[in-house]
Amino acid sequence: MANLSHPSEFVLLGFSSFGELQVLLYGPFLVLYLLAFMGNTVIIITVIANTHLHTPMYFFLGNFSLLEILVTMTAVPRMLSDLLVTHKVISFTGCMVQFYFYFSLGSTSFLILSDMALDRFVAICHPLHYDTLMSWAVCVRLAGAAWAAPFLVMVPTVLSRAYLNYCHGNIINHFFCDNVPLLQLSCSDTSLLEFWDFMMALAFVLSSFLVTLISYGYIVTTVLRIPSATGRQKAFSTCGSHLTLVFIGYSSTIFLYVRPGKAHSVEINKTIALVTSVLTPFLSPFILTLRNEIVKAVLRGQMQRLKGLHKALQ
């Protein structure tokens with residue numbers, strides 16, 4: 001490493017503090033990753049294959065499940081392979097690419113969550129205008145903006161990291177190329193970058209959270225006016241799973257990234273990042289299906305058809 005101001009590779013410490021015991025983490029993490037992948041894939045296939053689910057609500061749900069798969073793919077496979085080797089290195093280019101896709105896809109997932117909140121707001125508060133306000137053209141534009149905006153904004157963000165002077169070494173105390181560990185390796189003046197990062201967090205995370213919060217404020221007010229207890233329960237049941245995802249996703253991300261400065265506890269950040277990268281994508285399919293009667297009914301119907309086909313083949 002002759003030129004540490006622009007290293008050719010970074011060393012990811014990952015869970016090296018566990019020593020040889022880190023190998024024991026491979027099995028549980030692999031199981032969680034595979035279950036997250038399969039669970040979200042089942043939701044996507046179910047939404048695509050069943051015409052009853054060809055509605056804006058499930059269109060956004062399919063987008064969110066796809067994002068859960070892609071976000072985990074940017075960090076978890078690399079983390080799993082590093083658990084089995086002693087020399088955990090990633091090329092400089094690979095680090096920048098991972099940084100770009102992880103934060104672009106993560107930002108998109110929050111915008112999709114706010115799209116889901118808007119959909120529920122229109123469905124419950126303005127049901128007579130739902131077909132007009134949430135037409136397929138509108139839904140495609142909302143989803144398209146949610147995908148495009150972070151990927152465009154992250155271009156200057158990742159380029160700024162590529163041209164930093166990394167004179168404090170090339171060892172990243174994390175299992176992927178996270179923002180804070182990279183900034184801590186730099187001896188450049190990063191105050192402007194930190195301000196930019198903070199503004200981007202405000203733009204994508206807090207703004208989408210504000211949209212979600214306001215939408216559910218109106219939803220709760222509207223639902224409480226419904227005279228029938230059954231009607232109130234039905235309205236709240238359609239929003240329960242979404243609210244659970246909102247709480248898990250926003251609470252961890254706001255703690256991690258919506259804070260100016262780089263003097264954060266890397267160990268705490270690493271633990272929370274592990275929750276958002278592995279545990280949340282694993283829980284999402286269960287949260288989305290266990291509280292959604294329509295999805296459960298569709299899945300039961302598909303299971304019955306598969307059983308009937310299996311008996312017919314026998």
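Quick look at the values:
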{"item": "Phe195, sole failed condition from (1) surrounded by fewer than 21 Cβ atoms within 10 Å (Cβ to Cβ); (2) in contact with a helix residue (DSSP H, G or I) (Cβ under 7 Å, 6 or more places away or on another chain)", "result": "(2)"}
{"item": "Residue pairs meeting the criteria (Cβ under 6 Å; at least 6 apart or on separate chains; first over 24 Å from Phe99 (Cβ atoms), in the stretch 7-29; second polar (S, T, N, Q) and not in a helix (DSSP H, G or I))", "result": "none"}
{"item": "Conditions (1) under 21 Å from Cys139 (Cα atoms); (2) touching a helix residue (DSSP H, G or I) at 6+ places or on another chain (Cβ under 9 Å): number failed by Leu35", "result": "(1)"}
{"item": "Residue list for the stretch 166-177, filter: under 21 Å from Leu84 (Cα atoms) and assigned to a loop (DSSP other than H, G, I, E, B)", "result": "Asn170, Asn173, His174, Phe175, Phe176, Cys177"}
{"item": "The stretch 144-153, residues that are touching a residue at least 24 places away in the same chain (Cβ under 8 Å) and closer than 17 Å to Val71 by Cα", "result": "Ala146, Trp147, Ala149, Pro150, Phe151"}
{"item": "Answer from Ile172, Ile226 - the residue that is aliphatic (A, V, I, L, M), open to solvent by 40 Å² or more (accessible area, probe 1.4 Å) and in contact with a helix residue (DSSP H, G or I) (Cβ under 7 Å, 6 or more places away or on another chain)", "result": "Ile226"}
{"item": "Criterion (free of Cβ contacts under 8 Å to residues at least 60 places away in the same chain and among the aromatic types (Phe, Trp, Tyr)) met by exactly one of Phe204, Phe236", "result": "Phe236"}
{"item": "Meets criteria (assigned to a loop (DSSP other than H, G, I, E, B) and open to solvent by less than 60 Å² (accessible area, probe 1.4 Å)) for Cys139", "result": "no"}
{"item": "Residue count for the stretch 40-56, restricted to those that are open to solvent by less than 50 Å² (accessible area, probe 1.4 Å) and outside any helix (DSSP H, G or I)", "result": "2"}
{"item": "Residue list for the stretch 99-123, restricted to those being closer than 15 Å to Ile219 by Cβ, open to solvent by less than 30 Å² (accessible area, probe 1.4 Å) and aliphatic (A, V, I, L, M)", "result": "Leu113, Met116, Ala117, Val122, Ala123"}
{"item": "Identity of the residue in the stretch 78-94, over 15 Å from Phe15 (Cβ atoms) and part of a helix (DSSP H, G or I), that ends up most open to solvent (accessible area, probe 1.4 Å)", "result": "Thr93"}
{"item": "Boolean, Phe59 is touching a residue at least 60 places away in the same chain (Cβ under 8 Å), open to solvent by less than 80 Å² (accessible area, probe 1.4 Å), within 18 Å of the chain's Cα centre (by Cα) and over 20 Å from Leu245 (Cα atoms)", "result": "no"}
{"item": "Single condition Gln22 does not satisfy, out of (1) open to solvent by less than 50 Å² (accessible area, probe 1.4 Å); (2) more than 17 Å from Val295 (Cβ to Cβ); (3) within 22 Å of the chain's Cα centre (by Cα)", "result": "(3)"}
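The values are calculated or read from the model by the stated rules, or taken from the named source; none is laboratory data. Remember, predicted model here, so these are calculated numbers, not experimental data. Note: ideal-geometry Cβ built from the backbone for every residue, glycine included; neighbour counts use all protein chains shown. What goes into the accessible areas is simple: the full protein's heavy atoms, side chains included, and nothing from ligands, DNA or RNA. Shrake-Rupley method; radii C 1.70, N 1.55, O 1.52, S 1.80 Å.
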